[in-house]
Amino acid sequence: MGLGIGGAALGVAAPALARPANRTLILSTWDFGAPANAAAFAQWKKSGSLLDAVEAGARVPEADPKNHSVGFAGYPDRDGHVTLDAIIMDDRGNVGAVAALEDFAHPISVARRVMEKTPHTFLVGEGAHQFAEAEGFEKVAMPTAEAEKAWRDWLKTAKYKPIVNIENQRGSALDHDTIGMLFCAPDGQLAGACTTSGMAFKLRGRVGDSPQAGSGLFVEAGVGGATATGVGEEVTRIAGSARVVASMRAGMSPQAACREAVLHILKLRGDAVRDAQVGFLAINHRGEIGAFALQPGFTYAVTDLEGRTQVLASESLKKPAASK
């Protein structure tokens, strides 16, 4: 009998999905990964640096005033504060991250500066703010008017109880809470970035998987890289991205490794993830990719060596509803 959510067996969605014909260069989460990939590709052609590329790509949704899950236009926490998380890393062990950063539009760039200018890998909260200020990053006003209005509308019916988790509006834009990007150069070198404003109306101080090396993002030389999206708590419980990379190291394909991580979450959590979305992306050092999600609806952007990009639908444990 198959694993299920809420007692119902789940079938794997039919794998009749488009696959990129050429070797993949850049892989990122969600539809808004497409313009991010374009910026990353352009920067790579210009500088040849993978870190430059993934930083440039991540900065695109961070700067988008219509993106309410990444960057300065993100929705606030329950107390009305917009807090941003980001991580950047390469396959030589260089990593920098920030979490609960306020008042700066590009946490990915602050994260890179942490990597390059400090002996640390992770700065949070007030310390991250002080560092960004000392490094001369420009401050911006947050929340935006649109984000503040959404927060005030939410307050009209919200109950401030940590156990309620009413901020999880499944299937809405509020769930698309991350852009994760993976870059695999033609010579097999790897880098990645992940940036988010986290769950809308989260408890103040909440940090999800995104800025945590091994949860939201992980890359390893000679093996590959992985990134995650969806409900960060579920990814963090299994160190999801590190698990996917470990499975590839053990011989699994990127697709099988992503699927195994999703299955493990379901086995571990059961009905607790009945309505949750978790998705993984992976790329190995040969440019082969994988994508798998708990629920249908997870999309990702794939860019080949020529700079051509496709947005594809991930396979999922739960089958999409039949169209009428």
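The values are calculated or read from the model by the stated rules, or taken from the named source; none is laboratory data. Quick caveat, the model's predicted, so the values are computed rather than measured. With ideal geometry, Cβ positions are generated from the backbone for all residues, glycine too; neighbour counts draw on all protein chains shown.
Side notes on the structure shown:
- Scoring residue 119 on the criteria (1) over 18 Å from residue 200 (Cβ atoms); (2) touching a Lys or Arg at 6+ places or on another chain (Cβ under 9 Å); (3) not hydrophobic (A, V, I, L, M, F, W, C) leaves a single failure, condition (2).
- Selection from the range 119-137 of residues that are of a type outside the set (A, V, I, L, M, F, W, C) and either on the phi > 0 side of the Ramachandran plot or under 24 Å from the mean Cα position of the chain (by Cα) (or both): 120, 121, 125, 126, 127, 129, 136
- Residue within the range 229-239 that is modelled with pLDDT under 95 and β-branched (Val, Ile, Thr) present: yes
- Residue count for the range 204-255, restricted to those that are under 30 Å from residue 77 (Cβ atoms) and either in a loop (DSSP other than H, G, I, E, B) or of a type outside the set (S, T, N, Q) (or both): 32
- Taking the conditions (1) of a type outside the set (A, V, I, L, M, F, W, C); (2) closer than 25 Å to residue 92 by Cα; (3) surrounded by fewer than 24 Cβ atoms within 10 Å (Cβ to Cβ) in turn, residue 303 satisfies each one other than (3).
- Summed over the range 256-294, residues that are surrounded by fewer than 19 Cβ atoms within 10 Å (Cβ to Cβ), of a type outside the set (Lys, Arg) and either part of a loop (DSSP other than H, G, I, E, B) or in contact (Cβ under 8 Å) with a residue 40 or more places away in the chain (or both) total 5.
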